[in-house]
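The values are calculated or read from the model by the stated rules, or taken from the named source; none is laboratory data. None of these values were measured; they are calculated from a predicted model. Positions of Cβ are backbone-derived with ideal geometry, glycine not excepted, and every protein chain shown enters the neighbour counts. For accessibility, only protein heavy atoms count, side chains too; no ligands or nucleic acids. Shrake-Rupley method; radii C 1.70, N 1.55, O 1.52, S 1.80 Å.
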Amino acid sequence: MVQLETERHAFYAGKSQPTSASPGHIESIDPSTGKPLCKIHTSSYESVDAAIKSAEGAFPSWSATPPVERSRILQRAVSLLRQRNDALARVETLDTGKPFSETSTVDIVTGADVLEYFANSVASGGLNGESFRLRPSAMVYTSKEPLGVCAGIGAWNYPIQIALWKSAPCLAAGNCMVYKPSEFTPLHAEYLAEIYREAGLPDGVFNVIYGSGEVGAYLTAHPTIAKVSFTGQVATGKKVAGSAAGGMKYVTMELGGKSPLVVLPDAAVDQAVDIAMMANFFSSGQVCTNGTRVFVPSAMKKEFEKVLLAKMPFVRAGNLFDMTTNFGPLNSKVHHAKVVNYIRRGIEEDKATLLYGGLNQPANLSTNLREGYWIEPTVFTDCNDNMTIVQEEIFGPVMAILTYDTIDEAVQRANATELGLAAGVVGRDIDQCHLVISRLEAGITWINTWGESPAEMAVGGWKQSGLGVENGRRGLEAWVRNKSTIIEMGGSAGTVFSKL
Ligand code: NDP
C-alpha cells in the first residue's frame with residue numbers, strides 16, 4: 001500500500017536515513033492548489049558521500065550477480081510497480097499536477113515497461129559480447145562490463161518514469177545508482193527505492209538523495225561517479241557535461257527541444273489538428289518532445305484554425321482525479337511565472353495573433369483550485385521564425401502556428417534551430433512523409449502520430465538537445481564498457497624479444 005508520507009529522507013544503504021544530517025528541507029507543493037504536501041529533507045554533502053559509498057560497497061557483488069538473477073529481482077519490481085500503479089499515479093498527480101487520467105495510464109506504465117524490457121534483455125543475452133577467430137592460433141572475445149557507480153539526475157515533468165528509464169538499464173547492466181530527483185517533484189523517489197528493496201535488490205544498489213542543483217553538481221562531479229545520466233535543460237546539461245568531461249566520465253544527456261510538426265498539403269485537417277493538439281497540450285505542454293512549431297500550408301491555415309478552435313474545448317481542466325480531466329496546472333509557481341511571461345511576450349513584443357487562451361486561468365476551475373498554477377491552453381497564429389515564442393523552449397501549453405508555401409521552405413525553417421530533439425510529419429502520401437522526415441534534423445520522429453515512446457525504441461536528441469540515447473537495444477550499451485581479449489594458442493607472444 002502506498003501512503004502519502006508527510007516527510008521524506010535520503011535513502012541509501014538499503015534504508016531511509018531519517019537521522020542523516022540534513023541542512024534543510026524542501027516543501028513539496030500540490031500544483032493544482034498551491035498547498036504544501038510533504039517535507040523533503042535535503043542531503044548534506046556528507047550524506048551524498050555516504051550514499052555514494054553505499055553504492056560503491058554494493059557494486060562488486062551486484063556486478064558479479066549473473067544477469068538472469070539480476071533480472072529476476074528487477075522483474076519482481078515490475079510486478080510491484082504494476083500492482084501499485086494507481087497509488088503511485090496518485091502520488092505523481094499530487095506532485096506534478098498531471099491529471100490522474102494521464103499518470104495512471106502513462107507514467108508508471110511506461111516506467112515499468114522499460115524496467116521489464118531491460119530485465120528481459122539482460123536475461124536473454126543482451127549483455128553478451130562477441131567472439132571470433134583472428135587467425136588459426138588466436139581468438140578474440142569481447143565482454144560488456146558495467147561502469148561502476150552512476151549518477152541519475154531527473155527533471156520534474158516525468159519523475160518516476162525518468163527514474164525508471166535511468167535506473168532500469170543501469171541496474172540491469174550490473175551498475176549501482178545514486179539518483180537525485182528534481183526538487184520540484186521529489187515524492188516518487190523513495191517509493192521507488194522501497195519497491196526495489198521489497199523486490200530483493202541488495203542494499204546500496206539504488207540510492208536516493210534530495211536537494212537543489214547544488215547537490216546535483218556535487219554528486220555529478222564526485223570522483224567515484226563513473227557515469228552521469230542527466231535529463232533537464234540545455235543550459236544545465238552543458239554545465240553537467242562540462243564537469244563530467246573533466247573527470248572523463250561517461251554521460252547521457254536528455255535535454256530540451258523546440259520541435260517542428262510539419263503538416264503536409266495533402267494531410268487530413270482533422271487528423272493534423274488532433275496530432276497538433278496532442279503535441280502541444282498533453283501534460284499541459286510540459287513534455288520535452290512537444291511539437292510547438294506547427295507548420296501549416298498557407299492554403300490550409302483557415303480550415304486548420306477553424307477545426308482547431310472547434311476542438312479546443314476538448315482540453316478539459318479541473319479536478320485532477322476526475323477521469324474526464326485531461327489538462328492540469330503547470331508544475332510550480334516559478335514555472336507558471338515563466339510560461340505566463342512567454343505568453344505576455346507573444347502578445348506584447350512578438351505581436352503574434354492570440355487565437356485561443358492567453359493569460360487567464362481556465363474559467364471552469366472550482367474555488368479550491370484557484371490558488372494553483374493554472375493557465376489556459378494557448379494558441380498563437382500568424383507567427384514568424386524570429387519571434388521569441390517560436391525560438392525558445394517554453395515548456396508549457398503554447399502552440400505557435402506558422403504558415404509555409406513550399407515543402408523545401410518548411411523543411412529548411414523547421415531545421416533552423418540549434419535544437420534537434422523531435423519532429424513530426426502529417427500527410428496522406430506516405431512516400432512524401434518519409435522523404436520529409438529523412439530531411440528533418442531530430443533524433444525522435446513521428447509520421448501521422450505524436451509522442452509515443454515505447455521501451456523498444458531508442459530516444460535521444462540531436463544537436464544541442466542531447467548526447468546518447470535511452471531505451472531500445474542501444475540504451476543498454478550506454479551503461480557498459482567494452483573489454484576485448486586476445487587468446488593466443490600458438491604458445492608464443494611473437495618473436496620480437498625471443499632472440500638476440
Ligand atoms: P533543469 O535543468 O532545471 O534541472 C534538471 C535536474 O538537474 C534537476 O534535478 C535539477 O535540480 C538538477 N540540476 C540543476 N543544476 C544542476 C547542476 N549544476 N548539476 C547537476 N544537477 C543540476 O531542468 P528542469 O527540471 O527544469 O526540466 C525541464 C527541462 O528538461 C526541459 O528543458 C525539458 O525539455 C527537459 N527534458 C528533456 C527530456 C528528454 O528526454 N530530452 C525529458 C524531460 C525533460 P533542481 O530541480 O533541484 O534544481
**OP:** Considering (1) near the ligand (Cβ under 10 Å from one of its atoms); (2) in a loop (DSSP other than H, G, I, E, B); (3) polar (S, T, N, Q), say which one residue 128 fails and leave the rest.
**Re:** (1)
Original post:
Looking at the stretch 233-290, which of the residues that are at positive phi and under 17 Å from the mean Cα position of the chain (by Cα) is surrounded by the fewest Cβ atoms within 10 Å (Cβ to Cβ)?
Top reply: 285
Original post:
Inside the stretch 178-206, can you point out the residues that are in contact with a strand residue (DSSP E or B) (Cβ under 7 Å, 6 or more places away or on another chain) and within 29 Å of residue 100 (Cα to Cα)?
Top reply: 178, 179, 180, 183, 186, 187, 189, 190, 193, 196, 206
**OP:** Confirm whether residue 222 is closer than 30 Å to residue 377 by Cα and within 15 Å of the ligand (Cβ to nearest atom).
**Re:** no
Original post:
Condition test on residue 106, is it within 16 Å of the ligand (Cβ to nearest atom) and modelled with pLDDT of 95 or more?
Top reply: yes
**OP:** Mind counting the residues in the stretch 436-474 that are closer than 17 Å to residue 171 by Cα, away from the ligand (no atom under 12 Å from the Cβ) and open to solvent by less than 60 Å² (accessible area, probe 1.4 Å)?
**Re:** 2
**OP:** Would you confirm whether any residue within the stretch 163-174 is touching a Ser or Thr at 6+ places or on another chain (Cβ under 6 Å), within 14 Å of the ligand (Cβ to nearest atom) and open to solvent by less than 10 Å² (accessible area, probe 1.4 Å)?
**Re:** yes
Original post:
Wholly within the stretch 244-361, which helices (runs of 4 or more DSSP H) include no fewer than the required count, namely at least 1 residues that are within 16 Å of the ligand (Cβ to nearest atom), among the hydroxyl-bearing types (Ser, Thr, Tyr) and touching a residue at least 40 places away in the same chain (Cβ under 8 Å)?
Top reply: 333-348
Original post:
Can we say residue 192 is at negative phi and assigned to a helix (DSSP H, G or I)?
Top reply: yes
Original post:
Among the residues of the stretch 325-346, is there at least one that is among the aromatic types (Phe, Trp, Tyr) and closer than 30 Å to residue 33 by Cβ?
Top reply: yes
**OP:** Could you list all residues from the stretch 202-217 that are aromatic (Phe, Trp, Tyr) and near the ligand (Cβ under 8 Å from one of its atoms)?
**Re:** none
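Out of the residues in the stretch 349-365 that are small (Gly, Ala, Ser) and under 30 Å from the mean Cα position of the chain (by Cα), which is least open to solvent (accessible area, probe 1.4 Å)?
Looking at the filtered set, the residue picked out is 358.
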**OP:** Find the residue count for the stretch 179-192, including only residues that are more than 12 Å from residue 8 (Cα to Cα) and more than 12 Å from the ligand (Cβ to nearest atom).
**Re:** 1
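So which residues in the stretch 262-294 are closer than 20 Å to residue 440 by Cβ and touching a Lys or Arg at 6+ places or on another chain (Cβ under 7 Å)?
Hits for the stretch 262-294 are 266, 267, 292, 293.
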Subject >> Residues (among the aliphatic types (A, V, I, L, M), more than 15 Å from the ligand (Cβ to nearest atom) and either within 24 Å of residue 290 (Cα to Cα) or crowded, with 17+ Cβ neighbours inside 10 Å (or both)) located in the stretch 475-488 >> reply: 476, 480
Subject >> Residues (closer than 19 Å to residue 277 by Cβ and either of a type in the set (Ser, Thr, Tyr) or open to solvent by 80 Å² or more (accessible area, probe 1.4 Å) (or both)) located in the stretch 324-341 >> reply: 324, 325
Subject >> Test: residue 416 is small (Gly, Ala, Ser) and surrounded by fewer than 16 Cβ atoms within 10 Å (Cβ to Cβ) >> reply: yes
Original post:
When the stretch 230-243 is examined, which residues are found to be near the ligand (Cβ under 8 Å from one of its atoms), farther than 16 Å from residue 289 by Cβ and part of a helix (DSSP H, G or I)?
Top reply: 235, 236, 239, 240, 243
**OP:** Could you tell me which residue of the stretch 150-162 is farthest from the ligand (Cβ to nearest atom), considering only residues that are within 20 Å of residue 236 (Cβ to Cβ) and aliphatic (A, V, I, L, M)?
**Re:** 151
**OP:** Can you confirm whether the stretch 327-341 contains a residue that is more than 13 Å from residue 374 (Cα to Cα), touching a Gly at 6+ places or on another chain (Cβ under 6 Å) and not hydrophobic (A, V, I, L, M, F, W, C)?
**Re:** no
Original post:
So which residues in the stretch 17-48 are farther than 29 Å from residue 321 by Cα and open to solvent by 40 Å² or more (accessible area, probe 1.4 Å)?
Top reply: 18, 19, 21, 22, 23, 45, 46
